[in-house]
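Since the structure comes first, as structure tokens, the remarks are kept for the end.
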Amino acid sequence: MTASLLKNPELQFGATTFFAKEHKGETCGSNGLPLTPNSIIIYGKAQKLKMLKHPNLCTYLDIIRGKHERTVIVSQYCGEPLSSYLGKERFSYDDIKKIAYKIFLALHYMHMKKIVHRSLSTENILVQENNNIKLFNYGLFYMTDNGKLVSFPIVQLSYAAPEVYLDGPNGSLSNPKVDVWSAGIILAELVLNKPLWQSLKVGQRIRKVLSLVQGNTSIFERIAREHNCYDIYLSVPSDLKQIIEVCLTIMPCDRPTVQIILKNEVFAQFKTAKESNRRKIYEPFEQFTIEELYHWWQLAGGDVLLELKKQGLIRSSPPILSLPQMVLIDGLILGQERNPATLYDSRIIQMPLEALYQRFEHISLNCYYPLIHVKSEILSNGNDSSYDAEQLPLVIREKDPEYQFHRVILLRRLLHGYPHTRDLIITESIKDIPPLLRGKIWAALLNVRGDYQEEYIKIDKETPTPTDRQIEVDIPRCHQYNELLSSSEGHRKLKRVLKAWIYKNSQYVYWQGLDSLTAPFLFLNFNDEAKAFACLSKFIPKYLHNFFLRDNSAVIHEYLAKFSQLIAFQDPVLANHLENINFIPELFAIPWFLTMFSHVFPLHKIFHLWDRLLLGDSSFPLHVGLSILTQLRDTLLASGFNECILLFSDLPEVDMEQCVNFSLETYSTTPKSITARTQQSEKCVYVTTMGIPAQDLNKEKFPRISVDDVVNLIRNDSERIIIIDIRNPTQYARSSAKGSINIPCSSITFGEVNIENVGMHSSLLKNNKDKIVVIIGTEETNLDLFPTFLIHCNIPKVCVLHGGFNSLLPVTPTILITQNQI
């Protein structure tokens, strides 16, 4: 049963390949930057094709860039070419009308998306087992910018409209009516049951098409007579004959559009209620999609390039044979023979799926329909969860086809129920996020909902603004190692999203780094700018509140002060060293936090980092910064100021999984009030009750902890806290916190940095690793001197109770005791 789900005849795919045109001579554009390879431009434009969904179009699955401008297109490929039926099996006139209707439906959908086929023929129309038809390879003309990016003409000789040939060999005519002509030729072939002008050579076929321009008689009739099929022509029903005749109208201005043709009464019998334009509340749900099957096939060892090599579609030759005989000073190449392998080859290689079928044959039917809300213990036990790889490293889990199968099936089902299933999506995302669904899951975690498409459409993204110049300078430098973002389409989309954000948030200004911050969202939602914008609009207020103000100095200073305090809290040895060499966070950490590390790390690492970041609050990035320093700790401790500057100018490799795990550990063990900021967007009781002035915050080396956190630790987790009361013994005896120890501030000699100076409790502090050391005092005691002394003595987890001892007095039930009670 499960095998039949996978072996659906429609779930087949194949690949074709071609070479993009190489840039000759010049290597730089007018802006002084290197010219973008044509294959990258094709790669960017082709992404739109992956979004086209129509029952009569083969789905585009992947675009792969190979060496030397090679481009490989992977697409759904199911059924037999319509050309294989000609001369063997005569279609009934009703069947021909139905085929015509489906061709026109597909063309209408394409033309609505501003895509012209330009190479429509019986070769790229596939007939399936259920007699449905699908157009194949319909995006070649579009992705190559109307043929400008390749050195071969995109045309089907017998099917091209006369105006295509009149446009010249280098023409890029993209009038959708050329597809109408091609459809007319295809219908004529189906009616006559033979391919037209098959025995003629290339030049002769072109002349035949152009000869149709002359004369005033019916084009269809002339074709029928020429092929000795006039008797068939006479027997064709008048309604079908009329469709063919109007399609073969010579003048493009007189030739009808596909939309007009579809209104013809001949197609009324095929129209159903399903094709009405009524709005759907929910999209239809599928067990899995062909995109997911292709993803699993790749994880199971499927290799498109390898299959093309096996079938001879990719042939390699020794590089020395491709060297030119002469290269002139101006870059002109002479004597270089054209490699036949670079010519266009229209063959389609179908990808073998047997290895995937075998890999998944043990998966039970239950796994295709995972239960989400299970109250019955019997059903819960019957739910197959035998495949458990959660303990494996993340990198391995992401490459495991079975594990990704279970994760994708479950999470896509949850996404179908969003926003009602948001809590379940968050719970599952804590485990991990499948790369295939990352964009949609991020949007759910950020609570993107509503008609964000409509909102984005209304925003002005075209009017020039003063920031355009800086954006245009920054974009060509933003993650340009990435093929998608470096494409011209990527540049255009990134600029539009940035301009939309600036327009929508007039209270903010464009700061360098906003492009890097936008890049992950655009990459994951490349074909949905509106969703990328919506994610960015949710992300910035949560994690970078007020960072993009014209004067953001107060926000930055507070953030960096909290970061310095967190370093001192978790790793005083490193904090003291950085202070001694005067290597302050302002010198290295601003790009980290202003871009949430997206300017520092490549995209694949940012994805894993933000998978966790989106599950935390705005303090989590502080812990990520600490984690990075921890990985570099040994190098930093052995370095001086200059060496540290050089180290951060070219950041060494960072183990992202280790970084995330350490960040989660410190995030979960650090009291939230220690990292709370007045400039954060989350409503937090610590911010309103603590309200530390910025000038005081910058002076303090230690963090402050709120009375709520201290009380919670005393009542619920007293083993994790050491409370040091630095008031004088008389005050301590009168009233003190439960479990506290008294080390009067006046009894310590601060001139020498030696933990033994604290007296009998020095060993307790010296041996402390994980306990939080809370200093309690009053305004009369020096609340700065003692905690700073402890940090200089390398005592970890030191913090000061904000508000001092007096903040504990109103707490009920009280946590205070007297010396007599002790």
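The values are calculated or read from the model by the stated rules, or taken from the named source; none is laboratory data. Keep in mind that this is a model prediction, so the values were computed, not measured. Neighbour counts run over all protein chains shown; Cβ positions are idealised from the backbone, glycine included.
Mind telling me which of the residues 397, 413, 438 ends up being at pLDDT 95 or above, outside any loop (DSSP other than H, G, I, E, B) and outside the structural domain of residue 297 (by TED's automatic domain parsing)? Outline the logic, then answer.
Details: 397 fails: at pLDDT 95 or above; 413 fails: at pLDDT 95 or above.
Result of the check over 397, 413, 438: 438.
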Looking across segment 513-535 at residues that are out of contact with any Phe, Trp or Tyr (no Cβ under 7 Å at 6 or more places or on another chain) and aromatic (Phe, Trp, Tyr), the single one that is surrounded by the fewest Cβ atoms within 10 Å (Cβ to Cβ) is 523
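Name every residue in segment 212-229 that is of a type outside the set (Lys, Arg) and either modelled with pLDDT of 90 or more or surrounded by 13 or more Cβ atoms within 10 Å (Cβ to Cβ) (or both), in order of residue number.
Filtering segment 212-229 for residues of a type outside the set (Lys, Arg) gives 212-221, 223-224, 226-229.
Residues satisfying the conditions are 212, 213, 218, 219, 220, 221, 223, 224, 226, 227, 229.
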From the option list 418, 403, single residue qualifying as crowded, with 19+ Cβ neighbours inside 10 Å, out of contact with any His (no Cβ under 7 Å at 6 or more places or on another chain) and either over 30 Å from residue 69 (Cβ atoms) or at pLDDT 90 or above (or both) is 403
Scanning segment 765-810 for residues that are farther than 22 Å from residue 698 by Cβ, surrounded by fewer than 16 Cβ atoms within 10 Å (Cβ to Cβ) and hydrophobic (A, V, I, L, M, F, W, C) gives 809
If we ask which residues in segment 344-364 are at pLDDT below 85 and part of a helix (DSSP H, G or I), their number turns out to be 0
Review point. If you check residue 250 against the conditions, is it free of Cβ contacts under 8 Å to residues at least 40 places away in the same chain and within 54 Å of the chain's Cα centre (by Cα)?
Key: no
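Here is a yes/no grid of residues against (1) in contact (Cβ under 8 Å) with a residue 60 or more places away in the chain; (2) of a type in the set (A, V, I, L, M):
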{"position": "504", "(1), (2)": "no, no"}
{"position": "522", "(1), (2)": "no, yes"}
{"position": "539", "(1), (2)": "yes, no"}
{"position": "553", "(1), (2)": "no, no"}
{"position": "556", "(1), (2)": "no, yes"}
{"position": "568", "(1), (2)": "yes, yes"}
{"position": "594", "(1), (2)": "yes, yes"}
Checked segment 421-435 for anything modelled with pLDDT under 95 and not in a helix (DSSP H, G or I); matches are 421, 432
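Being of a type in the set (S, T, N, Q), more than 12 Å from residue 724 (Cβ to Cβ), touching a helix residue (DSSP H, G or I) at 6+ places or on another chain (Cβ under 9 Å) and at pLDDT below 85: is that true of residue 749 here?
It is true that residue 749 is of a type in the set (S, T, N, Q), more than 12 Å from residue 724 (Cβ to Cβ), touching a helix residue (DSSP H, G or I) at 6+ places or on another chain (Cβ under 9 Å) and at pLDDT below 85.
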Exactly one of 586, 579 is surrounded by fewer than 21 Cβ atoms within 10 Å (Cβ to Cβ) and either of a type in the set (Gly, Ala, Ser) or in contact (Cβ under 8 Å) with a residue 40 or more places away in the chain (or both), and that residue is 579
Residue 184 passes all but one of the listed conditions (1) of a type in the set (Gly, Ala, Ser); (2) over 20 Å from residue 95 (Cβ atoms); (3) buried (at least 20 other Cβ atoms within 10 Å of the Cβ); the exception is number (2)
Discussion item. Please determine whether any residue of segment 732-755 is in contact with a Gly (Cβ under 6 Å, 6 or more places away or on another chain) and not assigned by TED's automatic domain parsing to the domain that holds residue 678.
Written reply: no
**Asked** Is at least one residue of segment 463-471 in contact with a Lys or Arg (Cβ under 9 Å, 6 or more places away or on another chain) and in a helix (DSSP H, G or I)?
**Response** yes
